[in-house]
Amino acid sequence: MMMANRHRTLGGFLPFFVVALLGACSTARLPALDEALGVGTPGEAGGLGGRVLDTAGRPIAGAQVRIAGGPGTTTGTAGEYRFPAVRPSPRLALSASADGHAAVVEHAAVSPAWETRHDVVLAPLDSAAFTAEQGATLSLPGGGSVTIQPNTLLRRDGRPAAGAVRALWAFLDPRDDARLIAGPGDLTLDTGAGAMPLVSGGMLRLELTDARGHPLELDGGRPAELRVPAELSRRPGPRADSLPATGLYRFDDATGRWVWVRGLRMDAARRQLTVPLTGLREWVGLNRPELATCVEVVVRTAAGLTRPNTAVDAFGADYNGHTRGHTDASGRVRLLARQNATVRISAEGRSVTVATSAAATPCADAGVLVV
């Protein structure tokens, strides 16, 4: 499956785990949040536009798209959105939501006097009905589940919930690229010294409401239980003792990074990873940090003109992985990639393949990609 400007491909690295690599190759600290917010004046502004699509590549009309701290808009029948005057930022936070789909936050690079094209893909929500008194086990794609124990739901005022409950959730199975592309923003960990790519065993967003549509909460003392299969890696890749721990992470909408929550437990008999789940209405993932290197490519037209602010994707050809970035004014972009691997660089339906280094540097040179 190929989608313009947003795509995640699944290779043969892990049957269930995927390396989701996104961000710049620099080890500089993340930009201040105020640099990623706001609307610019016409004299200094860049533009941002694209489409909101479902996982089948169809446009979603009526989707709400909003710049964090700034304006919002609604997509038309073609799923298009556009902000003609946006303050330039290397990581502009952009949220998208639509009825029947899981909301996400993306981060796009916007440069002065140029319009960045950034498509957003939303995953469909699954649903189930049960009662607070009985609880439920929700089946996830790929053999996972979420178990909600009886009488463990709370109203927003802290009182016990009773009666009918509606569950809405999206689970992104890394083996299913049609759903995986709908994951939230940058699938990277902020180590304090820079971004680090993550291996993910799946991502979940869960919402629970009562019969009137009022949101419910989980009892922190009696949390739900998230389970996903823990299938063996066919190619585990390089590891280092200095890497942060494997565990449950939540996605931070403001920074576009995943944040550590707690460790995992292995159920050896069932070959499943299990973890308590206490948060709702946010993306969580079972993640493992990975060693990374970088890939550099220049994007040009057939006439030799550079293509600034063009979305570029890097896919693992011999592992399950993906990263994305936008070209600078010279048409050049650097992307994180897995060490000692083969990576396919793609933009606007054209691609080139390159082998990465077995160390953090130097960056692999993918040459020129003509689109």
Count of residues meeting criterion [open to solvent by 60 Å² or more (accessible area, probe 1.4 Å), at pLDDT below 80 and more than 14 Å from residue 112 (Cβ to Cβ)] in region 29-65: 3
When residues of region 312-335 are limited to those that are within 16 Å of residue 196 (Cα to Cα) and at pLDDT 85 or above, the one farthest from the chain's Cα centre (by Cα): 334
Matching residues in region 336-371 - criterion: being farther than 21 Å from residue 106 by Cβ, at pLDDT 90 or above and among the β-branched types (Val, Ile, Thr): 352, 353, 354, 356, 368, 370, 371
Whichever residue in region 184-213 is open to solvent by 10 Å² or more (accessible area, probe 1.4 Å) and in a strand (DSSP E or B) and, among such residues, is nearest to residue 127 (Cα to Cα): 207
Residue satisfying condition, being open to solvent by less than 10 Å² (accessible area, probe 1.4 Å) and not in a strand (DSSP E or B), within set 340, 287, 309: 309
Residues being over 17 Å from the mean Cα position of the chain (by Cα) and assigned to a strand (DSSP E or B) - total across region 98-147: 17
Evaluation of residue 274 against (1) open to solvent by 20 Å² or more (accessible area, probe 1.4 Å); (2) farther than 26 Å from residue 332 by Cα; (3) of a type outside the set (Asp, Glu) (one fails), failing number: (1)
Flag for residue 174 being assigned to a loop (DSSP other than H, G, I, E, B) and either of a type in the set (S, T, N, Q) or open to solvent by 10 Å² or more (accessible area, probe 1.4 Å) (or both): no
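Tally the residues that are of a type in the set (Phe, Trp, Tyr) and free of Cβ contacts under 8 Å to residues at least 40 places away in the same chain, restricting the search to region 102-133.
At the first step, the residues of region 102-133 found to be of a type in the set (Phe, Trp, Tyr) are 114, 130.
So of that shortlist, the ones also free of Cβ contacts under 8 Å to residues at least 40 places away in the same chain come out as 130.
Within region 102-133, residues that are of a type in the set (Phe, Trp, Tyr) and free of Cβ contacts under 8 Å to residues at least 40 places away in the same chain number 1.
Given the criterion touching a residue at least 40 places away in the same chain (Cβ under 8 Å) and touching a Pro at 6+ places or on another chain (Cβ under 7 Å), identify the matching residue among 329, 358, 302.
Numbers: 358 fails: touching a Pro at 6+ places or on another chain (Cβ under 7 Å); 302 fails: touching a Pro at 6+ places or on another chain (Cβ under 7 Å).
Of 329, 358, 302, the one residue that is touching a residue at least 40 places away in the same chain (Cβ under 8 Å) and touching a Pro at 6+ places or on another chain (Cβ under 7 Å) is 329.
Taking the conditions exactly as written (farther than 20 Å from residue 253 by Cβ, surrounded by 18 or more Cβ atoms within 10 Å (Cβ to Cβ) and either at pLDDT 95 or above or hydroxyl-bearing (Ser, Thr, Tyr) (or both)), does residue 79 satisfy them or not?
Details: farther than 20 Å from residue 253 by Cβ: yes; surrounded by 18 or more Cβ atoms within 10 Å (Cβ to Cβ): yes; either at pLDDT 95 or above or hydroxyl-bearing (Ser, Thr, Tyr) (or both): yes.
Yes; evaluated as a whole, the condition is true for this residue.
Filter region 327-337 for residues that are assigned to a strand (DSSP E or B) and open to solvent by 30 Å² or more (accessible area, probe 1.4 Å); which is nearest to residue 368 (Cα to Cα)?
At the first step, the residues of region 327-337 found to be assigned to a strand (DSSP E or B) are 332-337.
Going one step further and asking which of them are open to solvent by 30 Å² or more (accessible area, probe 1.4 Å), we end up with 332, 334.
Working: 332: 9, 334: 13 Å.
Looking at the filtered set, the residue picked out is 332.
The values are calculated or read from the model by the stated rules, or taken from the named source; none is laboratory data. Only a predicted model underlies this, so the values are computations on that prediction, with no experimental measurement involved. In this analysis, Cβ positions are derived from the backbone assuming ideal geometry, glycine residues included, and neighbour counts consider all displayed protein chains. SASA here: full protein model, heavy atoms, side chains in, ligands and nucleic acids out. Shrake-Rupley method; radii C 1.70, N 1.55, O 1.52, S 1.80 Å.
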